[in-house]
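Everything below concerns the one structure shown next.
Taken together, the values in this text are just the output of simple stated rules run on the coordinates, not laboratory data. Note that the structure is predicted; figures quoted are calculated from it, not measured. Methodologically, a virtual Cβ is constructed for each residue, glycine included, from the backbone with ideal geometry; neighbour enumeration extends over all protein chains shown.
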Amino acid sequence: MQVPFALVNLKDGLEDGHGLSRLHPVFADYAATGTRPTLMAINEARWRIPRGLPAREALDIFETMFGGIYEIEIGAIERSDNPPALVWDPQVWRLIEESTAQTDHHRWGRNTWTLTARHDPHAAVRIHIPHLDYSSGTRRLMEAESLASQINRDFPMVVAGDLNSTGSGPHLPHRDYTKVPAHKRRQKGMLLPSGEWLDDTRALDTLIGPWDEDTGTRRHSDGCGLYAVAERDWEQLGRPAALLEPTTHTPGSLLIDWILATNEIGVVPGTYRVWDGDPAHTDHKLISVTLTVEEGRHR
């Protein structure tokens, strides 16, 4: 089955939910294509207070823009009040399991939701929405290593979120650290013994494997069973010469928002897109793709 999927980081929940009108311009161009996402992963969904009203307002806006109905579950991260959220179409998906602070004592498995298709309960997908540390590559590496141990290669899984990390490989945008203020270099970079600053790719490479310069391929065998959807789409399109699109509006922007998946999840060729967006609305760009989930497999 085809699964239209969207990912976006909405800075501070769009003013703690007071600026939800900005959801319209963030999603407008995507909605204009006529594609209706049935799953959406959102970072910084700060929409619980007061009394869950912002979350319901967000759903009203999504339903107005895309039609149909949506439901939402909001998770939590420990370092700040910027939780992730999963939005899904309950006419397409049935939520059968959730791992949150309220339902799972195992902290590293939280912010994970498992759903089955209503028309085929054996078509299933597990969604994990991470938000890795923004300022420390070492912390991101630790978080990625903990996440890697949660990946079950025998179950269709999507990991989608703000990883604050790019990966190795010449097809990805990279940053010139001579133009980055000294106090901000370690947010996304690392210093080599030679004195050269490069992007810190350790976290993402832990999940999908490092890029092999000799073969010009991703060494997935050294990852944890995930591949990058952006990279799979690039491969399926014959490796266009242009770099993959960065996902933020900051100077020297990198591709740091990622949709990763196990091999049981497919990508409809040509559907991955990073939307231009406007930094006045949020500092990250909307990403959309159509995934495929095998039917009749998980019994």
Residue separation between Asp120 and Asp60 times 0.36 nm, minus their alpha-carbon distance, gives in nm 18.9 nm
Among (i) 22.0; (ii) 19.5; (iii) 22.9, the entry matching Kirkwood radius over Cα pairs in Å as calculated here is (ii)
Each label sits 7 Å from Cα toward the beta-carbon; between Thr33 and Glu196 the label points are separated, in nm, by 3.7 nm
Between Asp81 and Gln187, Cβ-based FRET efficiency (R0 25 Å, step 0.05) works out to 0.75
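Show that you can apply the helix-only estimate: for the chain, add -39,500 (n - 2.57) for every DSSP H stretch of four or more residues, divide by all residues, and state [θ] at 222 nm to the nearest 500.
-5500 deg cm²/dmol
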Checking rank on 107-115, 138-146, with mean other Cβ inside 10 Å and highest first, the result is 107-115, 138-146
Per the rule of 0.36 nm per residue minus the C-alpha distance, extending Thr217 to Arg94 adds in nm 40.6 nm
In whole Hz, the Karplus estimates of ³J(HN,Hα) for region 203-208 (6.51, -1.76, 1.60; θ = phi - 60°; x where Gly or Pro) are 5, 5, 5, 4, 7, 10
PRE zone check, label point 7 Å out along Cα-to-Cβ of Glu15, amide N under 20 Å, scope region 41-71, hits 43-62
For Phe155 and Ser135, extending 7 Å from Cα along the Cα-Cβ vector and measuring point to point gives, in nm, a value of 3.5 nm
Subtracting the Cα-Cα distance of Ala242 and Met142 from 0.36 nm times their residue separation yields 32.8 nm
Expected vector for region 187-194, Karplus 3J(HN,Hα) from phi with 6.51, -1.76, 1.60 and θ = phi - 60°, integer Hz, x for Gly and Pro, equals 4, 10, x, 9, 8, 7, x, 6
Computed over region 166-279, the relative contact order (Cα-Cα under 8 Å, seq sep at least six) in percent reads 27 percent
